[in-house]
1. Using a Förster radius of 30 Å, what is the FRET efficiency between D218 and S182 based on their Cβ-Cβ separation? Nearest 0.05, please.
2. How large is the charge dipole for the stretch 25-175, taken about the Cα centre, if only the Cβ atoms of Lys, Arg (+1) and Asp, Glu (-1) carry charge, to the nearest 20 debye?
3. Which order, highest average first, do 59-66, 82-89 follow once you tally other Cβ atoms within 10 Å for each residue and take the mean per peptide?
4. Order of 117-128, 26-37 by packing, highest average Cβ count within 10 Å first?
5. If you stretched the chain out fully between V88 and N48, how much longer would it get, using 0.36 nm times the residue separation minus the C-alpha to C-alpha distance?
6. Does the stretch 126-213 come out rounded, prolate or oblate, given a ≥ b ≥ c as the square roots of the eigenvalues of its C-alpha gyration tensor, rounded meaning a/c under 1.5 and, failing that, prolate meaning a/b above b/c?
7. For every other residue with a beta carbon closer than 10 angstrom to the beta carbon of D74, add +1 if it is Lys or Arg and -1 if Asp or Glu, then tell me the sum.
8. So for the pair I168, S32, with labels modelled 7 Å out along Cα→Cβ, what separation do we get in nm?
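Since every read-out is calculated from the coordinates, none of them should be taken as a lab result. Note that the coordinates shown come from a computational prediction; the quantities given were computed from them, not determined experimentally. Virtual Cβ from ideal backbone geometry, glycine too; neighbours counted across all protein chains shown.
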Amino acid sequence: MWKYIALFGIIFCSSLVAGTIDPNTPDKDYISYGKDFKYVGKLYGKNNKGVGYYGSAVAINDHWIITAGHVVEDSTSSRIFDIGNKFVLDKIIVHPDFDKTKLGIADLAICHSKESFGLSFYPDIYDKNDEIGKVCSMSGYGRTGNFNTGAVKYDDKLRAGSNTIDGIDRMMLLCSPSKKYSAGHTSLEFLIATGDSGGGLFIDGKLAGIHSCVLALDKKPDSTYGDESGHTRLSLFRKWIISNVSE
């Protein structure tokens with residue numbers, strides 16, 4: 001099941017969008033569903049070479065967000081979490097086991113804001129080990145397109161959709177786009193794309209995964225039919241997250 005991987009850190013752009021969609025489903029349905037994920041936002045800043053980056057992140061309480069380790073590993077300044085209002089991040093903790101040379105291992109980081117996000121709801125961390133076969137929701141800011149064209153454009157709109165978790169590889173939950181009427185197909189079939197890194201995968205309203213990468217047999221990780229997405233499995237890291245957030 002382990003294929004070619006591309007991590008989803010992207011070079012600074014003027015805007016981002018989220019995920020590839022089913023070519024038979026109206027895009028407006030994904031945009032409308034995205035409005036339910038007010039705790040998913042854009043994350044941007046500069047790395048230690050002065051190059052800007054964009055990604056996604058999920059707020060889990062008034063002061064902490066979770067994102068992918070590879071998005072913020074080299075972050076140095078102007079670190080902003082944007083959920084309509086912009087919040088400066090003053091602390092970043094990358095999981096100690098994350099190593100960008102070891103794909104699929106602990107691609108995770110938590111970040112702190114002194115100012116409260118002020119949302120009325122934040123998702124809990126998923127705490128079960130029964131993810132395989134579950135229907136999940138996914139949201140984030142990244143490239144968009146459909147499963148035939150691949151991720152081809154940006155438009156700065158938050159999208160969300162659904163999928164079925166196919167399996168687990170290393171420390172990742174895996175999803176793939178399925179065609180209408182095929183096994184596992186959901187009503188808003190969706191796959192993450194470049195720029196979605198750090199966004200969330202949810203099961204029963206709980207945060208179960210953080211978007212990490214796309215796997216492709218054709219070595220073109222453009223989120224088309226035949227590709228798979230990898231999401232850091234948070235049930236493995238729940239204690240680490242809670243202990244650091246509590247401190």
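1. 0.95
2. For the stretch 25-175, the charge dipole is close to 520 debye.
3. Ranking, from highest mean packing down: 59-66, 82-89.
4. Numbers: 117-128: 14.0, 26-37: 16.1.
The packing order, highest mean first, is 26-37, 117-128.
5. Values: separation 40, 0.36 × 40 = 14.40 nm, distance 1.73 nm.
Between V88 and N48, full extension yields an extra 12.7 nm.
6. Verdict is oblate for the stretch 126-213.
7. My count for the surroundings of D74 gives +2.
8. 3.6
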